[in-house]
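Sharing a structure, written as structure tokens. Questions coming.
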Amino acid sequence: MKKSKAVVFGAAVVLSVGIAGCSADQASSSKETSVAPTSAASSPVASDYAKLLIKPSDIDSDWTLKTSKAEPNGITGVYGNGAGTEKISTAVIVRENAAAAAAAAKNDVAQKAGAAFTPIDIGVDGGIMNGPGGSTVVVFAEGGAFAIIEFNSKTGEHVPAEVAIAIAEKQDTAIKNGVK
């Protein structure tokens, strides 16, 4: 993401799958969803959720993890570049049925943004969409979890698909390594 103009929604998705188009300087609104309990055998314990997030260096060398928040069944993280002009918001939610969770997430995101997902070859039911205001969203399931990665541009430009997909692939690897 060295030269991309991608900027993500400023607020992380807090265990929800609702996304409202907003600028990077505003908090994104979200619709709370019920989170089903997961079995200890198929998912990490809450203290291990941090390992589900990508490392800032997976994005680029000047990126840092600005905030992260452990949730009952997952974790959210907001990353920023050194110049403070770009952000990426990631939510990793652990569920027992990741395929159904990813499908529900994609449907909810698409309904709120008014756009449809284009399938991508990441995880289960991976998809990418460009929404309003320069937002780009990637959703996929992997093992017992699903991820929503949000990109938003202050200039109204969408992140290039190849950049969003490359970051999503790294997120997929982190989930594969963290959720059995």
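Across region 60-74, what is the total count of residues that are hydrophobic (A, V, I, L, M, F, W, C) and in contact with a strand residue (DSSP E or B) (Cβ under 7 Å, 6 or more places away or on another chain)? Steps first, answer last, please.
Here is the first cut: in region 60-74, the ones hydrophobic (A, V, I, L, M, F, W, C) are 63, 65, 70.
From what's left, in contact with a strand residue (DSSP E or B) (Cβ under 7 Å, 6 or more places away or on another chain): 63, 65.
The total comes to 2.
Can you tell which of ILE165, ILE149 is β-branched (Val, Ile, Thr), part of a helix (DSSP H, G or I) and either touching a residue at least 40 places away in the same chain (Cβ under 8 Å) or open to solvent by 20 Å² or more (accessible area, probe 1.4 Å) (or both)? Talk me through it step by step, then tell me what you get.
Numbers: ILE149 fails: part of a helix (DSSP H, G or I).
The conditions single out ILE165.
Can you name the number of the only condition in (1) assigned to a helix (DSSP H, G or I); (2) modelled with pLDDT of 80 or more that GLY133 fails?
Of (1) assigned to a helix (DSSP H, G or I); (2) modelled with pLDDT of 80 or more, only one is false for GLY133: (2).
If I ask for residues that are over 19 Å from ALA98 (Cβ atoms) and either of a type in the set (S, T, N, Q) or touching a Ser or Thr at 6+ places or on another chain (Cβ under 6 Å) (or both), which ones from region 130-149 would you list? Walk me through it before giving the result.
Restricting attention to region 130-149, the residues satisfying the condition of being over 19 Å from ALA98 (Cβ atoms) are 130-136.
If the condition is that a residue be over 19 Å from ALA98 (Cβ atoms) and either of a type in the set (S, T, N, Q) or touching a Ser or Thr at 6+ places or on another chain (Cβ under 6 Å) (or both), then ASN130, GLY134, SER135, THR136 are the ones that fit.
Okay, moving on. Of the residues that make up region 122-132, is at least one more than 14 Å from the chain's Cα centre (by Cα), surrounded by fewer than 19 Cβ atoms within 10 Å (Cβ to Cβ) and under 19 Å from ILE59 (Cα atoms)?
No, that holds for no residue.
Would you check if GLN171 is more than 26 Å from SER61 (Cα to Cα) and part of a helix (DSSP H, G or I)? Quick ask: steps written out before the conclusion?
Working: more than 26 Å from SER61 (Cα to Cα): no; part of a helix (DSSP H, G or I): yes.
Taking the combined requirement at face value, the residue does not satisfy it.
Shifting gears a bit: Looking at (1) among the polar types (S, T, N, Q); (2) closer than 19 Å to ALA174 by Cα; (3) more than 12 Å from the chain's Cα centre (by Cα), which one does THR85 not meet, given that it meets all the others?
(2)
Could you list, in sequence order, the residues of region 152-162 that are modelled with pLDDT under 90 and surrounded by fewer than 24 Cβ atoms within 10 Å (Cβ to Cβ)?
Within region 152-162, SER153, LYS154, THR155, GLY156, GLU157, HIS158 qualify.
Name every residue in region 133-146 that is within 15 Å of the chain's Cα centre (by Cα) and either open to solvent by 10 Å² or more (accessible area, probe 1.4 Å) or aromatic (Phe, Trp, Tyr) (or both), in order of residue number. If you could, list the steps in order and put the result at the bottom.
Our first condition is that a residue be within 15 Å of the chain's Cα centre (by Cα); within region 133-146, this holds for 135-142, 145-146.
Those that are within 15 Å of the chain's Cα centre (by Cα) and either open to solvent by 10 Å² or more (accessible area, probe 1.4 Å) or aromatic (Phe, Trp, Tyr) (or both): PHE140, GLU142, PHE146.
The values are calculated or read from the model by the stated rules, or taken from the named source; none is laboratory data. Treat the numbers as computed from the prediction; the structure is a model and nothing was measured. For neighbour counting, all protein chains shown are included, and Cβ atoms are generated from backbone atoms with ideal geometry for every residue, glycine included. These accessible areas exclude ligands, DNA and RNA; they are computed on the full protein's heavy atoms, side chains included. Shrake-Rupley method; radii C 1.70, N 1.55, O 1.52, S 1.80 Å.
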